[in-house]
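Report on the following structure.
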Amino acid sequence: MSGENLICPVLVEVERSGFVESRHRGSAVALGADGNVVKGLGAVDAPLFPRSTVKPFQAVAMLRNGLELEGELLALAAASHSGEAFHVEGVERILAGAGLTAAALGCPPDWPMDDGARREALRTGGAESPLYMNCSGKHAAMLATCRANGWPTETYLDPGHPLQLAARSTIEEFAGERVSATGVDGCGAPLYAVTLLGLARAFHRLGTAPEGSEEARVAAAMREHPAWTSGTRRDENDLMSEIPGLVLKCGAEGVDAFCLPDGRAGVVKIEDGAMRARTPVTVALLRALGVDTPGSASRASTPVTGGGEVVGSIRIAPDLF
């Protein structure tokens, strides 16, 4: 189904004490190994801002333009990290390798996303910092790419900067369509709208990347270092650790996108932006694609509590899959 004005189906229900108190509408699409649609729900042809789900393709653009990162630091370049100590240290390593400090980062200051890291920062008298901001790995890599090319670092977030033009071109290449709108992401970087189906095509191509290509390097780094792409206490890390070959990237406003090495891929967009609703749909899409998810039961249905006891759940709406 397509169209920006389509009334999207209810994907997720929030049940408390036997009563459905909230519902989250949205769109989702799953592609088979051949790239064809296996399951489509809602406005799969409508444009969306994919938010941080396009970070793997921004990383591809950077590698194509001289970025020299491997392993966990390459994973961090494609990350929405939790601000844990190893994330911050990794960002500092990327910056130091380019002869830069945190003062060069254009992302806004923030507290760590991880509860434990945030409490530790507060306990030790810390302050908000751009290093803690979940996109700082990407920003550090962008600055390193600028240094490798002699491009100006002060204007690296300008949509007309060579770095951002390369990122836009790479996103269009992988999505197989032109960007339909340009905005500003939460971190200050340019943000490009593509369709849900276009984003799924991009992840299908990431999953089937030819060996030795820049996209294969990004996918391998994310698979091998899932805690660096998210955090030690995040659903994305758990799912990637449990499911062999899975690459999973979340984005703000309720977006998830994933791929497997054989090309199976999927994208979720929760219409009201609720992050709590995306993981149950992602698990349902994986199961619809025949992926064994034995350890994912706790993420397919999230407990709802009352008085310290479990009294309900956040779950997939009936009869969708």
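The values are calculated or read from the model by the stated rules, or taken from the named source; none is laboratory data. Keep in mind that this is a model prediction, so the values were computed, not measured. Neighbour counts run over all protein chains shown; Cβ positions are idealised from the backbone, glycine included. With ligands, DNA and RNA removed, areas are computed over all heavy atoms of the protein, side chains included. Shrake-Rupley method; radii C 1.70, N 1.55, O 1.52, S 1.80 Å.
Give region 6-40 a look and list any residue that's open to solvent by 70 Å² or more (accessible area, probe 1.4 Å), under 16 Å from residue 267 (Cβ atoms) and in a loop (DSSP other than H, G, I, E, B), or say none.
Scanning region 6-40 gives a single hit, 36.
Of the conditions (1) modelled with pLDDT of 95 or more; (2) under 16 Å from residue 10 (Cβ atoms); (3) in a loop (DSSP other than H, G, I, E, B), residue 268 clears all except one; give me its number.
Only one criterion is unmet by residue 268, namely (3).
Any residue in region 241-254 that is in a helix (DSSP H, G or I) and of a type outside the set (Ser, Thr, Tyr)? Spell out how you get there, then give the answer.
Keep residues of region 241-254 that are in a helix (DSSP H, G or I), which gives 241-242.
Restricting the remaining residues to those that are of a type outside the set (Ser, Thr, Tyr) gives 242.
Within region 241-254 (the criterion being in a helix (DSSP H, G or I) and of a type outside the set (Ser, Thr, Tyr)), the answer is yes, since at least one residue qualifies.
So which residues in region 239-261 are among the acidic types (Asp, Glu) and out of contact with any helix residue (DSSP H, G or I) (no Cβ under 7 Å at 6 or more places or on another chain)? It would help to see each step written out before you state the result.
Going through region 239-261, the residues among the acidic types (Asp, Glu) turn out to be 242, 253, 256.
Matches in region 239-261: 242 only.
Answer yes or no: is there a residue in region 97-104 that is modelled with pLDDT of 95 or more, surrounded by fewer than 24 Cβ atoms within 10 Å (Cβ to Cβ) and within 30 Å of residue 271 (Cα to Cα).
Quick first cut of region 97-104, residues modelled with pLDDT of 95 or more only: 97-104.
Of the ones still in play, those that are also surrounded by fewer than 24 Cβ atoms within 10 Å (Cβ to Cβ) are 97-104.
Now restrict to residues that are within 30 Å of residue 271 (Cα to Cα): none.
No, there is no match, as no residue in region 97-104 is modelled with pLDDT of 95 or more, surrounded by fewer than 24 Cβ atoms within 10 Å (Cβ to Cβ) and within 30 Å of residue 271 (Cα to Cα).
Taking region 195-231, which residues are more than 24 Å from residue 36 (Cα to Cα), outside any helix (DSSP H, G or I) and either in contact with a Phe, Trp or Tyr (Cβ under 9 Å, 6 or more places away or on another chain) or open to solvent by 10 Å² or more (accessible area, probe 1.4 Å) (or both)?
Within region 195-231, 212, 225 qualify.
So how many residues does region 104-145 have that are of a type in the set (Val, Ile, Thr) and within 15 Å of residue 84 (Cβ to Cβ)?
Within region 104-145, the subset of a type in the set (Val, Ile, Thr) is 124, 145.
With within 15 Å of residue 84 (Cβ to Cβ) added as a condition, the list becomes 124.
Summing the residues that are of a type in the set (Val, Ile, Thr) and within 15 Å of residue 84 (Cβ to Cβ) in region 104-145 gives 1.
Collect the residues in region 121-146 that are touching a Gly at 6+ places or on another chain (Cβ under 7 Å) and either outside any loop (DSSP other than H, G, I, E, B) or exposed (fewer than 14 other Cβ atoms within 10 Å of the Cβ) (or both), keeping them in residue-number order.
137, 139, 144, 145
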